[in-house]
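*Asks:* Take a look at the following structure, please.
The values are calculated or read from the model by the stated rules, or taken from the named source; none is laboratory data. Just so it is clear, the structure is predicted and the values come from calculations on it, not from any experiment. Here the Cβ positions follow ideal geometry from the backbone for every residue, glycine too, while neighbour counts run over all protein chains shown.
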Amino acid sequence: MLTIEYKGTGFCGWQKQSGKQTIQGELEEAFFKLTGEKIVVEGSGRTDKGVHAIAQVATAKIENKMPLKNLKYALNNLLPDAIFVKKIVQKPDDFHARFSTKRKTYRYVSLVGGDRSALEWDTCGFYAYDVDFEKLTNASKLLIGKHNFKGFCSTNTQVTNFEREIYDIKISRSGRKIVFEICGNGFLYNMVRIIVGTLLDVGSGRLDEKNILRALETGDRQLTGKTMPANGLYLKKVEYI
């Protein structure tokens, strides 16, 4: 099991794609250079183009008996600077980075109001309007629990089960920067980015709290906010029990 940090800027997401630079592709190429084995690196989930990870988890089955400390060092020497393997541990054969997952925590960072930042454009989303922090924080409580989140999912998904459970949403503010941390048992396509966009729209007065309740009842995507840019999103933590 590998725990991996990466900056998603410049990569076409996690999943390997022919002719494109991806996180999975870079990891598998590094393994091949090191061991000569064509190894499949399976992540806990796919992050989109531009999305970052503080602690993505992946699994890889290898025949090489190199000590794990040496393996970590060698891999990091072969990987681009924007990808770093933080930890490697041995796991039983039946452990799977994706299917053994119990909960995930995503972080979203956004600048709010004022001008956008030329220095932080690739690590921070931007929301142009001022917001009432208390209002958006109160609205976030409506999302806690098990719900049908179809209204908080991009319409081009092929998923048929939209029920997910949100365990906790923590929101903090420092100056113009607002940080959302959302923990759940799983997430639909663009769900975190839509939740953040919806809460910011409630905070700015562009949407009402009733939109959230109606969206949870009806699954209507038209009731919820914009999909925030990928560059402010981080996979923070993956938990296994």
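*Asks:* Would you confirm whether any residue within the range 158-180 is closer than 25 Å to Phe11 by Cβ and free of Cβ contacts under 8 Å to residues at least 12 places away in the same chain?
*Replies:* yes
*Asks:* Further question: Test each condition in (1) closer than 27 Å to Lys102 by Cβ; (2) under 17 Å from the mean Cα position of the chain (by Cα); (3) surrounded by 15 or more Cβ atoms within 10 Å (Cβ to Cβ); (4) of a type outside the set (S, T, N, Q) for Ala139 and report the one that comes out false.
*Replies:* (2)
*Asks:* Inspect all residues belonging to the range 55-64 and state whether any of them is closer than 30 Å to Leu223 by Cα, at pLDDT 95 or above and touching an Asp or Glu at 6+ places or on another chain (Cβ under 6 Å).
*Replies:* no
*Asks:* I would also like to ask the following. Counting only residues that are closer than 12 Å to Val238 by Cβ and among the polar types (S, T, N, Q), which one in the range 42-77 is surrounded by the fewest Cβ atoms within 10 Å (Cβ to Cβ)?
*Replies:* Going through the qualifying residues, I end up with Thr59.
Here is a yes/no grid of residues against (1) hydroxyl-bearing (Ser, Thr, Tyr); (2) modelled with pLDDT under 95; (3) closer than 30 Å to Phe99 by Cβ:
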| site | (1), (2), (3) |
| --- | --- |
| Ser172 | yes, no, no |
| Cys183 | no, no, yes |
| Val202 | no, no, no |
| Lys210 | no, no, no |
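*Asks:* A further question follows. Can you go through Phe84, Phe99 and tell me which one is within 12 Å of Leu2 (Cβ to Cβ) and among the aromatic types (Phe, Trp, Tyr)?
*Replies:* Phe84
*Asks:* Output the number of the condition that Ile194 fails; it satisfies all remaining conditions of (1) under 24 Å from Tyr127 (Cα atoms); (2) more than 15 Å from the chain's Cα centre (by Cα); (3) β-branched (Val, Ile, Thr).
*Replies:* Single failed check for Ile194: (2).
*Asks:* Here's a follow-up. Which ones in the range 195-222 are more than 21 Å from Leu111 (Cβ to Cβ) and out of contact with any Gly (no Cβ under 6 Å at 6 or more places or on another chain)?
*Replies:* Here is the first cut: in the range 195-222, the ones more than 21 Å from Leu111 (Cβ to Cβ) are 208-222.
Matches in the range 195-222: Asp208, Glu209, Lys210, Asn211, Ile212, Leu213, Arg214, Leu216, Glu217, Thr218, Gln222.
Residues checked against (1) surrounded by 14 or more Cβ atoms within 10 Å (Cβ to Cβ); (2) assigned by TED's automatic domain parsing to the domain that holds Leu119; (3) of a type in the set (Phe, Trp, Tyr); (4) more than 16 Å from Glu134 (Cα to Cα):
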residue	(1), (2), (3), (4)
Val159	no, yes, no, yes
Phe162	yes, yes, yes, yes
Ile169	yes, yes, no, no
Gly184	yes, yes, no, yes
Met191	yes, yes, no, yes
Gly197	yes, yes, no, no
Gly203	yes, yes, no, no
Arg206	yes, yes, no, no
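*Asks:* Working only within the range 152-173, note down all residues that are in a loop (DSSP other than H, G, I, E, B), within 25 Å of Val112 (Cα to Cα) and polar (S, T, N, Q).
*Replies:* Ser154
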